[in-house]
Amino acid sequence: MPDGIALRMMYYRCMGKVLHLNHPKTFSEKLQWLKINYRLPIVKQLQDKYDSREWVEQRVGPQILNEMYGVWDRVEDVPFEKLPNQFSLKVTNASHANIFCKDKSKLNIEETKGLL
């Protein structure tokens, strides 16, 4: 399915109104237009949390980045027992699937694995 059609369908489902990509007027419509028309190679790198760290480190410096405990391809590889009492687990390709743990003793690890 072409990107424009898929985006229009998702937009209608989420916003309840038609998406105008030919002449976007609202901020939301302009963001959707950018998704389709702004295809510079750097965008792909900056969409990924892990890949964007390299970009930030090269241009601003490592001092601005928070500590990273690891990168895992499978949830089964996350060493929960080695993580500090407070931590965040962030998937690299989404924002709604992040886990913010304030007290590891209260964390349901199996539930967390299921969410990830």
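Data overview
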| item | result |
| --- | --- |
| Selection from the stretch 1-15 of residues that are of a type outside the set (A, V, I, L, M, F, W, C) and either modelled with pLDDT of 95 or more or in a helix (DSSP H, G or I) (or both) | ASP3, GLY4, ARG8, TYR11, TYR12, ARG13 |
| Given (1) surrounded by 10 or more Cβ atoms within 10 Å (Cβ to Cβ); (2) at pLDDT below 95, number of the condition TYR38 does not satisfy | (1) |
| Any hit, the stretch 13-27, residues being under 24 Å from HIS96 (Cβ atoms), in contact (Cβ under 8 Å) with a residue 24 or more places away in the chain and surrounded by 12 or more Cβ atoms within 10 Å (Cβ to Cβ) | no |
| Enumeration of residues in the stretch 35-55 that are among the hydrophobic types (A, V, I, L, M, F, W, C) and either touching a residue at least 12 places away in the same chain (Cβ under 8 Å) or within 20 Å of HIS96 (Cβ to Cβ) (or both) | ILE36, ILE42, VAL43, LEU46, TRP55 |
| Residue list for the stretch 1-43, filter: aromatic (Phe, Trp, Tyr), farther than 30 Å from ARG53 by Cβ and over 19 Å from the mean Cα position of the chain (by Cα) | TYR12 |
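Every residue, every condition in (1) within 30 Å of MET9 (Cβ to Cβ); (2) of a type in the set (Gly, Ala, Ser); (3) at pLDDT below 85; (4) out of contact with any helix residue (DSSP H, G or I) (no Cβ under 7 Å at 6 or more places or on another chain), yes or no:
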residue: TRP33; (1), (2), (3), (4): yes, no, no, yes
residue: LYS49; (1), (2), (3), (4): yes, no, yes, yes
residue: PRO79; (1), (2), (3), (4): no, no, no, yes
residue: PRO84; (1), (2), (3), (4): no, no, no, yes
residue: LYS90; (1), (2), (3), (4): yes, no, no, no
residue: GLU110; (1), (2), (3), (4): no, no, no, yes
residue: LEU116; (1), (2), (3), (4): yes, no, yes, no
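The values are calculated or read from the model by the stated rules, or taken from the named source; none is laboratory data. In this text the structure is predicted, and so the values were computed from the model without any measurement. Quick reminder, even Gly has a Cβ in these numbers, built from the backbone with ideal geometry, and neighbours come from all protein chains shown.
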